[in-house]
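Take a look at the structure set out below.
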Amino acid sequence: MDASFALLLKLGRRGTGRHLRPISLELRRPNPGTDRHAIFFDCPIHFGTERDRIVLNAPDLDLPFPGHNPELIQMLTPALADAVREIEAQVTIGEQVKGTLKRTMASGRHDVAAVARDLGLSQRTLQRRIAAEGQTFRALLTEARQELGRQLLSDLTIDVEEVAYLLGYQDANSFYRAFREWENMTPGHWRRVKSLSE
């Protein structure tokens, strides 16, 4: 999501030739503890919000692109649409489910019904498509927690207890038990091993 917003803003800046500044940026992800976002977006940034949103100035949206070429766009549009469809086709339903779970984990919305709603599918259709890929929802939830857990633990500014909360666990002990099953070590030990290997 960060990259999508950054690409949109970069496109606007390059196309207009101006340093466009959004009014604000809201991201559901936790604060990474760096100032990279603030430097690039050059606007107030709020982390841990309920939704991802970039707010732009209305006059900026009306700025022309000096190099705008309607004929070229008309020629490229079908090819770009085909490319987008090809990319979307390569994203498995399993990856879509894990992506949705990672975004909504902390809110406690990690059941199959909530994920189906987020993907615009019926619960039955989602389960059928997951099964067609030889997966189960429970296995995808575990994978999403493992992947997101490793990512969050890599950020030393986030406490282990906070990681447990962000992964949707009721308490830290449940997270410790699950993590031991995944990695055969505690989250703290995993952090130390990772920091020594970098």
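Among the conditions (1) more than 28 Å from R109 (Cβ to Cβ); (2) surrounded by fewer than 17 Cβ atoms within 10 Å (Cβ to Cβ), N31 misses just one, which is (1).
Count of the stretch 147-164 residues, restricted to those that are over 17 Å from S107 (Cα atoms) and in a helix (DSSP H, G or I), is 5. When L27, L61 are screened for being at pLDDT 85 or above and more than 29 Å from G149 (Cα to Cα), only L61 passes. Just one of the numbered conditions (1) out of contact with any Gly (no Cβ under 9 Å at 6 or more places or on another chain); (2) loosely packed, with under 15 Cβ neighbours inside 10 Å; (3) under 28 Å from R51 (Cα atoms) is not true of S107: (1). Of everything in the stretch 168-198 that is crowded, with 16+ Cβ neighbours inside 10 Å and at pLDDT below 90, the residue that is nearest to the chain's Cα centre (by Cα) is G168. One residue stands out among those in the stretch 134-155 that are of a type in the set (S, T, N, Q) and more than 19 Å from the chain's Cα centre (by Cα): the one that is nearest to Y169 (Cα to Cα), which is T136.
In the stretch 9-23, the residues that are surrounded by 14 or more Cβ atoms within 10 Å (Cβ to Cβ) form Cβ pairs under 9 Å with partners that are modelled with pLDDT of 85 or more and of a type in the set (V, I, T), at six or more places apart or across chains, as follows: L9/I54; P22/I54; P22/V55. R109 fulfils the conditions (1) over 24 Å from H189 (Cα atoms); (2) within 20 Å of the chain's Cα centre (by Cα); (3) in contact (Cβ under 8 Å) with a residue 40 or more places away in the chain except for a single criterion, (3). Picking from residues in the stretch 113-146 that are outside any helix (DSSP H, G or I) and at pLDDT 90 or above, the one that is surrounded by the most Cβ atoms within 10 Å (Cβ to Cβ) is Q135.
The values are calculated or read from the model by the stated rules, or taken from the named source; none is laboratory data. All values derive from a computational prediction rather than experimental measurement. So basically every Cβ, Gly included, is an ideal-geometry build from the backbone, and we count neighbours across all protein chains shown.
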